[in-house]
């Protein structure tokens with residue numbers, strides 16, 4: 001990729017990466033030379049990624065997928081690189097249009113397995129709501145950073161950062177950009193980053209919106225929990241037993257998996273695509289939600305930046321966070337949009353116990369990647385939640 005991690009001025013610099021044609025040639029050669037595994041008849045997705053679907057996707061990736069065209073689409077976003085915490089950080093900084101009202105600064109926090117890609121569709125809806133059926137007064141200045149070890153941000157070469165560390169970096173980034181007070185929103189790991197922004201920088205975060213409450217951590221008397229909370233604990237444990245093998249690998253032995261996933265684009269696609277399908281509101285048909293181009297844009301960012309290993313290592317770092325940090329209550333006004341197709345959605349009682357709950361919505365459609373799956377509805381959720389805080 002064409003970026004120089006050590007070439008920085010004190011402020012943000014525009015950033016437009018262009019893939020080396022040799023890297024794309026190598027990618028296609030690897031795809032065409034894939035050594036495919038067998039699969040039991042009629043296994044489908046029951047044992048993991050479906051062999052027939054992945055063959056179809058990989059054929060498209062090798063023969064038809066136009067990465068330069070997708071790269072050009074991403075280049076329409078105002079993208080920059082800046083130094084923060086000793087690392088080069090890539091971010092989108094999309095300001096509200098001139099026709100909009102007073103803009104609220106909003107930092108959007110992505111998770112795994114994605115990057116700034118998660119928010120690519122929703123950014124224009126937030127910066128120019130008047131052009132998309134909304135009220136111009138609901139405009140945002142939108143900042144979407146890639147976490148260290150993800151996308152086009154630097155990969156830490158020493159100690160791996162956890163979600164709390166990243167929250168500190170984003171507070172530093174917002175200072176660099178001139179925003180003293182701001183809102184934050186996130187999902188997946190980004191939900192935890194947003195939470196720590198609110199916990200550790202409450203004087204700066206006016207409100208925090210999240211798409212999930214995280215897996216439960218409770219240090220009190222279990223008898224204090226409501227029946228709904230106890231049922232959620234059981235649901236979360238059952239989900240972890242049936243669907244959490246990837247997370248156990250990431251937390252314990254991410255480097256072992258990184259060898260194969262970094263060397264084989266098909267292995268990388270299998271690892272990511274299975275989660276896009278399982279966690280999205282698609283009724284088992286991934287292309288009801290994503291086009292092949294959209295799927296492969298996300299996967300190709302991981303491939304060209306070589307960040308699958310570094311992204312997984314963050315799970316290992318997060319597993320070492322002091323449990324006392326996980327049990328802290330968020331006093332900053334908190335909003336939640338729990339999309340019906342998402343995984344392990346917490347009950348209201350838990351959200352009231354763990355946050356200063358100011359907003360709760362349960363949209364009928366959308367899953368774990370709702371900003372990409374249902375960008376219009378996600379934008380509506382953010383507009384509705386943050387509206388009361390704009391005068392603060």
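Values in this text are rule-based calculations from the coordinates and carry no lab data. Note that the coordinates shown come from a computational prediction; the quantities given were computed from them, not determined experimentally. Please note: Cβ atoms are built from the backbone with ideal geometry, for glycine as well, and neighbour counts cover all protein chains shown.
Some values worked out for this structure:
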quantity	calculated
Full-extension gain in nm, residue 95 to residue 364, via 0.36 nm per residue minus C-alpha separation	93.8 nm
Length-normalised contact order of the range 170-214 in % [C-alpha pairs under 8 Å, at least 6 apart]	43
Label point at residue 22 placed 7 Å out along Cα→Cβ; residues across the range 48-78 whose backbone nitrogen lies under 15 Å	none
Residues in the range 290-332 reached by a label modelled at residue 203 [backbone nitrogen below 18 Å; 7 Å Cα→Cβ]	331-332
Nearest-0.05 FRET efficiency for residue 349 and residue 239, computed from C-beta distance (R0 22 Å)	0.70
Efficiency of FRET between residue 356 and residue 159 - r from beta-carbon atoms, R0 30 angstrom, step 0.05	0.40
Relative contact order [Cα under 8 Å, 6+ residues apart], the range 253-392, whole percent	25
Relative contact order %, the range 13-389, counting alpha carbon pairs below 8 Å whose residues are six or more apart	19
Separation between Cα centres of the range 327-390 and the range 54-84, rounded to whole Å	29
Amide N of the range 357-385 lying under 20 Å from the label point, which is placed 7 angstrom from the Cα of residue 340 along Cα→Cβ	360-382
Rounded, prolate or oblate (a/c below 1.5 giving rounded, otherwise prolate when a/b exceeds b/c) for the range 59-215 by Cα gyration tensor	oblate
Dimensionless Rg over Rh [the chain; C-alpha; Kirkwood]	0.95
Fully extended contour minus Cα-Cα distance, from residue 221 to residue 52, at 0.36 nm per residue	55.9 nm
Antiparallel bridges, percent of DSSP beta bridges restricted to the range 13-389 (to nearest 5)	35
The range 163-279: C-alpha gyration tensor shape, a/c 1.5 cut-off, then a/b vs b/c	oblate
Globularity index of the range 235-392, i.e. its alpha-carbon radius of gyration over 2.2 N^0.38 Å	1.18
Label-point separation in nm, residue 45 to residue 30, each point 7 Å along Cα→Cβ	2.5
